[in-house]
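The values are calculated or read from the model by the stated rules, or taken from the named source; none is laboratory data. All values reported here derive from a predicted model rather than from experimental measurement. Note that we place each Cβ from the backbone using ideal geometry, even for glycine, and neighbour counts take in every protein chain shown.
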Amino acid sequence: MSVYTTSNGNPVFNPEAAQRIGTNGPLLLQDFHLIDLLAHFDRERIPERVVHAKGAGAYGDFVVTHDITDICDADIFSHVGKTTSLITRFSTVGGEKGSADTARDPRGFSVKFFTEEGNWDWVFNNTPVFFIRDPALFPLLIHTQKRNPQTNLKDADIFWDYFNTHQESIHQVMTLFSDRGTPRSYRHMNGYSGHTFKFTKRDGNFKHIQIHVKTDQGNETLTNDEAAELGKQDPDSHTRDLFNTINKGDFPTWTVYIQVLDPSEIGRFRWNIFDLTKVWPQADVPLRPVGKLTLNRNAENYFAEIEQVAFSPGHLIPGIEASADPVLQARIFSYADSQRHRLGTNYQQIPVNQPLHALNPYQRDGFMAINGNYGSKPNYPSSFEPVSLPTPWTPTNENWTGSAVNFKFEVTEEDYVQATGSWNVLGRTPGQQDNFIFNVSSHLSGANQTVRGTTYGMFTKVDRDLGSRLEAATERAAEAL
Ligand code: HEM
């Protein structure tokens, strides 16, 4: 059995006793054990993620089931049967670290693949679209979904006021307030890249792609009342479900698909593929299967492995490139920046984040340079000990021209088309449209009369019947408050 010591390894005879003078006298500054313990305790908390603070995760692997080497030369897809280990983290978005897993919210669906050519991260959601298509809006949107700066309360007025004044969000709002806004568990939900990425070949050829990760457990949801009840009984229900299921050997799996568009098709395609508020309809761009993702191991230590895991859409590998989607481009900056603040400059050296192979001796020093700091290796491109460089791939040839402008995607009629489609899809399953109206009305009834009125107008543009049914239900709920 190991001996209990101070942090510098000095054996401690009684870990539960402070040193003091006599029976009732003051304590001694020389009691390093007590100071060591308290000072470390005082620093236990690190900043929680600014969004997606509450989450759970596990390890697993990804196996290629279908050959896609005709469109992508990434090593991870090199042959059918190729297996890559990974870690996932699932999360809610708006709540704090202690908030309920059952909250109505999009869910984060992150995967870090430890490939031979670096870590590739999927930082996806369980919804195929998002609220914004201009990244400058992200902090502003999030402020309205979190707490009011004065009352420190969640605020239905600012929540709906934001959506009324930024109606490009309507498609995502339709998903959020359907029962898909309250998944049954993390195992029972899909993941979507949302963004367009590029799959590339060594010769410079590329395709635009989107990734869909479909749960094999069934895409199951909770009603508003079920979610509220479960949240009261067990705010950590989804965390518990994931841990316990894996612990008893019942490993959840997901099937991975891609949608593929050739660059030549873009001009003819109805939807702007760099607009995150739109899907690529599967009738136009069918799903192509790629592989199977299985979760089969829990973390040993939540803080070390799940709290400290650091995902970024900028963590790409040869064969995968970012598209020109402006929200994706902004995210490439934001994640690592946030992690330098949350975890420190050398966050990539934390064991859970370490790539299988990394050689980066020009990045030196900084807080917690824990991997040996590259010893005596040159910290510049030295002719005495050059680093070896891989054979370059032919660059993908995309040409962009134009002047520097403040771009603005105006909201047009086209922005309601897919939202109307979502409403019609809900109509195919008995009760789903009624649930949607109940879910919105029970939230919107907390907003003031003006905000409620504008919101009815927004939903009327999706569907006239939806607008009037929602108004009736919300006004009834508001009267009852
Ligand atoms: C401009 C838009 C966005 C910005 C600036 C942004 C920024 C951030 C930041 C700073 C974090 C915390 C990272 C950390 O501390 O580790 C985060 C977490 C996350 N974001 Fe975003 N985000 C944006 C849009 C999106 C979109 C569109 C998606 C999904 C398609 C998404 C999915 C996630 C997920 C899943 C996490 C949690 C990652 C984890 O499990 O650690 N975000 N985001």
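Name every residue in the stretch 28-51 that is acidic (Asp, Glu) and either touching a strand residue (DSSP E or B) at 6+ places or on another chain (Cβ under 6 Å) or over 27 Å from Gly95 (Cα atoms) (or both), in order of residue number. Explain how you work it out, then say what you get.
Applying the first criterion (acidic (Asp, Glu)) to the stretch 28-51 yields 31, 36, 42, 44, 48.
Scanning the stretch 28-51 gives Asp31, Asp36.
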Unmet criterion (only one of (1) closer than 29 Å to Pro135 by Cβ; (2) away from the ligand (no atom under 16 Å from the Cβ); (3) modelled with pLDDT of 95 or more; (4) charged (D, E, K, R)) for Lys292: (1)
Qualifying residues in the stretch 300-322 (those that are touching a residue at least 12 places away in the same chain (Cβ under 8 Å) and away from the ligand (no atom under 13 Å from the Cβ)) - the one nearest to Thr239 (Cα to Cα): Ala304
Residues satisfying the stated conditions in the stretch 427-455, i.e. hydroxyl-bearing (Ser, Thr, Tyr) and either surrounded by fewer than 18 Cβ atoms within 10 Å (Cβ to Cβ) or under 14 Å from Asn224 (Cβ atoms) (or both): Thr429, Ser441, Ser442, Ser445, Thr450, Thr454
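Checking the structure you have, find out if any residue of the stretch 341-351 is modelled with pLDDT of 95 or more, small (Gly, Ala, Ser) and over 30 Å from Ile273 (Cβ atoms). Spell out how you get there, then give the answer.
Taking the stretch 341-351 and keeping what is modelled with pLDDT of 95 or more, we get 341-351.
Now narrow it down to the ones that are small (Gly, Ala, Ser): 344.
So of that shortlist, the ones also over 30 Å from Ile273 (Cβ atoms) come out as 344.
Yes.
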Some residue of the stretch 33-55 being in contact with a Ser or Thr (Cβ under 8 Å, 6 or more places away or on another chain), assigned to a strand (DSSP E or B) and either on the phi > 0 side of the Ramachandran plot or surrounded by 11 or more Cβ atoms within 10 Å (Cβ to Cβ) (or both): yes
Conditions (1) crowded, with 18+ Cβ neighbours inside 10 Å; (2) in contact (Cβ under 8 Å) with a residue 40 or more places away in the chain; (3) not assigned by TED's automatic domain parsing to the domain that holds Leu86: number failed by Ser185: (3)
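To keep it simple, each residue is scored yes or no on (1) farther than 29 Å from Thr196 by Cβ; (2) within 18 Å of the chain's Cα centre (by Cα).
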site	(1), (2)
Val290	no, no
Pro318	no, no
Arg342	no, yes
Asn346	yes, no
Val352	no, yes
Phe367	yes, no
Tyr374	yes, no
Some residue of the stretch 378-397 being in contact (Cβ under 8 Å) with a residue 40 or more places away in the chain, within 16 Å of the ligand (Cβ to nearest atom) and within 30 Å of Ala136 (Cβ to Cβ): no
Those residues of the stretch 82-110 which are hydroxyl-bearing (Ser, Thr, Tyr) and within 11 Å of the ligand (Cβ to nearest atom), in sequence order: Thr88, Ser91, Thr92, Ser110
Residue ID - surrounded by the fewest Cβ atoms within 10 Å (Cβ to Cβ), chosen from residues in the stretch 1-32 that are of a type in the set (D, E, K, R) and assigned to a loop (DSSP other than H, G, I, E, B): Glu16
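Can you find a residue in the stretch 111-130 that is without any contact (Cβ under 8 Å) to a residue 24 or more places away in the chain, farther than 22 Å from Asn301 by Cβ and more than 12 Å from the ligand (Cβ to nearest atom)? Quick ask: steps written out before the conclusion?
Quick first cut of the stretch 111-130, residues without any contact (Cβ under 8 Å) to a residue 24 or more places away in the chain only: none.
Looking through the stretch 111-130, none of the residues is without any contact (Cβ under 8 Å) to a residue 24 or more places away in the chain, farther than 22 Å from Asn301 by Cβ and more than 12 Å from the ligand (Cβ to nearest atom).
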Any pair with Cβ under 8 angstrom, 6 or more apart, that starts in the stretch 261-286 at a residue that is at negative phi and among the polar types (S, T, N, Q) and ends at one that is part of a strand (DSSP E or B) and crowded, with 19+ Cβ neighbours inside 10 Å: Gln282/Gln259
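Can you find, within the stretch 331-360, the residue that is nearest to the ligand (Cβ to nearest atom) among those that are farther than 27 Å from Arg43 by Cα and surrounded by fewer than 17 Cβ atoms within 10 Å (Cβ to Cβ)?
Going residue by residue through the stretch 331-360, those that are farther than 27 Å from Arg43 by Cα are 331-333, 355-360.
With the extra rule that they be surrounded by fewer than 17 Cβ atoms within 10 Å (Cβ to Cβ), the set shrinks to 332-333, 356-360.
On the way: Ile332: 10, Phe333: 8, Leu356: 20, His357: 23, Ala358: 19, Leu359: 24, Asn360: 20 Å.
Among them, the one singled out is Phe333.
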Residue match in the stretch 322-333 (condition: within 23 Å of Glu300 (Cβ to Cβ) and of a type outside the set (Lys, Arg)): no
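Among the listed residues Phe130, Phe138, identify the single one that is closer than 29 Å to Met458 by Cα and either more than 13 Å from the chain's Cα centre (by Cα) or of a type outside the set (Phe, Trp, Tyr) (or both). Steps first, please.
On the way: Phe130 fails: either more than 13 Å from the chain's Cα centre (by Cα) or of a type outside the set (Phe, Trp, Tyr) (or both).
One residue alone meets the criteria, Phe138.
Go through the stretch 297-330 residue by residue and tally those that are small (Gly, Ala, Ser), out of contact with any Pro (no Cβ under 8 Å at 6 or more places or on another chain) and either crowded, with 18+ Cβ neighbours inside 10 Å or farther than 23 Å from His357 by Cβ (or both). Even if it seems obvious, please write down each step before you answer.
Step one: filter the stretch 297-330 for residues small (Gly, Ala, Ser), giving 299, 304, 310, 312, 314, 319, 322-324, 330.
If we keep only those that are out of contact with any Pro (no Cβ under 8 Å at 6 or more places or on another chain) too, we end up with 299, 310, 312, 314, 319, 323-324.
From the residues that got through so far, the ones that are either crowded, with 18+ Cβ neighbours inside 10 Å or farther than 23 Å from His357 by Cβ (or both) too are 299, 310, 312, 319, 323-324.
Total meeting the criteria: 6.
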Residue in the stretch 184-206 that is away from the ligand (no atom under 16 Å from the Cβ), under 26 Å from Val462 (Cα atoms) and either of a type outside the set (Phe, Trp, Tyr) or in contact with a strand residue (DSSP E or B) (Cβ under 8 Å, 6 or more places away or on another chain) (or both) present: no
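Please state which one of Thr165, Thr239 is surrounded by fewer than 22 Cβ atoms within 10 Å (Cβ to Cβ) and free of Cβ contacts under 8 Å to residues at least 40 places away in the same chain. Explain how you work it out, then say what you get.
Working: Thr239 fails: free of Cβ contacts under 8 Å to residues at least 40 places away in the same chain.
Exactly one residue qualifies, and that residue is Thr165.
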Residue satisfying condition, being crowded, with 19+ Cβ neighbours inside 10 Å, on the phi < 0 side of the Ramachandran plot and outside the structural domain of Val327 (by TED's automatic domain parsing), within set Phe206, Phe159, Phe197, Phe124: Phe159
Within the stretch 42-72, considering residues that are among the aliphatic types (A, V, I, L, M) and under 28 Å from Ala100 (Cα atoms), the one farthest from the ligand (Cβ to nearest atom): Ala58
